[in-house]
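What follows is a short report on a single structure.
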Amino acid sequence: EQQEEDTLRELRLFLRSVNDRLMQDRRFKAFTKPVDKEQVPDYHSVVKQPMDLSTALSKIDQQKYTTVREYLHDIDLIWKNALEYNPEDDPYDRQIRHRACALKDTVHAIIKYELEKDFERTCEQIKEAR
Ligand SMILES: Cc1noc(C)c1-c1cc(NS(=O)(=O)c2ccccc2)cc(C(=O)O)c1
C-alpha cells in the first residue's frame, strides 16, 4: 500500500545517493561501465556474473532492489569480480585490486554510517510479504 511505496521510494533515493558517490570517485572509473568484451575477450569465460555501477543504477530505476542487502550484493560482485579476474602480482593487477578493495571498504562504510537499522528491517519485511 502507500506506506510501502513511500518506504521503497526512500530506499531508491538512498541507493541513488550511494551509487552516485561511487560513480563520481575517479578511483572507481573502471567499475562504472560493463567490462568491454572487445577490449577484454576472455573476461566472460572467467567472470560468470558481471556487474558495474551503471547497471546497478539501471536496476535502482527499474525498482529491482527492495532492500539495501540486494544492492550491496551487486556492488560486492563488482569488486569480487575484479579480484578474481586480476590476480597477478603485476603493477596493473595490483592497482585494480587496490581499487576493488577501496570500493568494498567505501560502500560498506557509507551503509554502516548512513543506513538506519530499522529502515532496512522495514524493507526486509516488505520483501518477505511479497
Ligand atoms: C573492471 C575490470 N575488471 O577487469 C578489468 C581488466 C577491468 C577493467 C575494465 C576497464 N574498462 S573496459 O573494459 O571498457 C576497457 C578495457 C581496456 C581498455 C579500455 C577499456 C578498464 C580498466 C582499467 O583499468 O582502465 C579495467
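Simple point charges give the picture: +1 on the Cβ of Lys and Arg, -1 on the Cβ of Asp and Glu, and for the chain a dipole about the Cα centre of about 240 debye. In units of the rule-of-thumb radius 2.2 N^0.38 Å, the stretch 41-114 shows an alpha carbon radius of gyration of 1.19.
Charge dipole of the stretch 74-130 (Cα centre as origin; +1 on each Lys and Arg Cβ, -1 on each Asp and Glu Cβ, all else neutral): 120 debye, rounded to the nearest 20.
For the pair residue 102 and residue 76, the difference between a 0.36 nm per residue extended length and the Cα-Cα distance amounts to 8.2 nm.
Entry note: the stretch 71-130 has Rg to Rh equal to 1.17, where both radii use alpha-carbon atoms and Rh is the Kirkwood radius. Given 29/80; 29/112; 104/127, which pairs have Cα atoms separated by over 18 Å? Beyond 18 Å: 29/112; 104/127. Farthest towards the positive end of the charge dipole of the chain, among the residues 15, 92, 109, is the Cα of 92, using unit charges on the Cβ of Lys, Arg, Asp and Glu.
Restricting the stretch 1-76 to trypsin sites (Lys or Arg not before Pro) that sit in a DSSP loop and have at most 10 other Cβ atoms within 10 Å of their own Cβ leaves 48. How about the stretch 51-130: which GluC sites (Glu not before Pro) there lie in a loop by DSSP and see at most 15 other Cβ atoms within 10 Å? Answer by residue number: 88, 116.
Tell me the relative contact order for the stretch 1-96 as a rounded percent, counting alpha carbon contacts under 8 Å between residues six or more apart. Don't skip to the answer; put the middle values down first.
Values: 70 pairs, mean separation 25.9, N = 96.
The normalised contact order for the stretch 1-96 reaches 27 percent.
Accessible area of residue 105 (1.4 Å probe, protein heavy atoms only, ligands and nucleic acids ignored): about 100 Å². Sparsely packed loop sites in the stretch 1-44 (the GluC sites (Glu not before Pro) outside DSSP H, G, I, E and B with at most 14 other Cβ atoms within 10 Å) comprise 1, 38.
Take the Cα of residue 121, go 7 Å toward its beta carbon, and the backbone nitrogen atoms of the stretch 1-23 under 18 Å from that spot belong to 4, 7-8, 11. Translational diffusion coefficient of the stretch 1-125 (Stokes-Einstein, Kirkwood radius from Cα pairs, 4 °C, 1.567 mPa s): 84 µm²/s.
The values are calculated or read from the model by the stated rules, or taken from the named source; none is laboratory data. Just so it is clear, the structure is predicted and the values come from calculations on it, not from any experiment. No Cβ is skipped: glycine too gets one built from the backbone with ideal geometry, and neighbour counts run over all protein chains shown. With ligands, DNA and RNA removed, areas are computed over all heavy atoms of the protein, side chains included. Shrake-Rupley method; radii C 1.70, N 1.55, O 1.52, S 1.80 Å.
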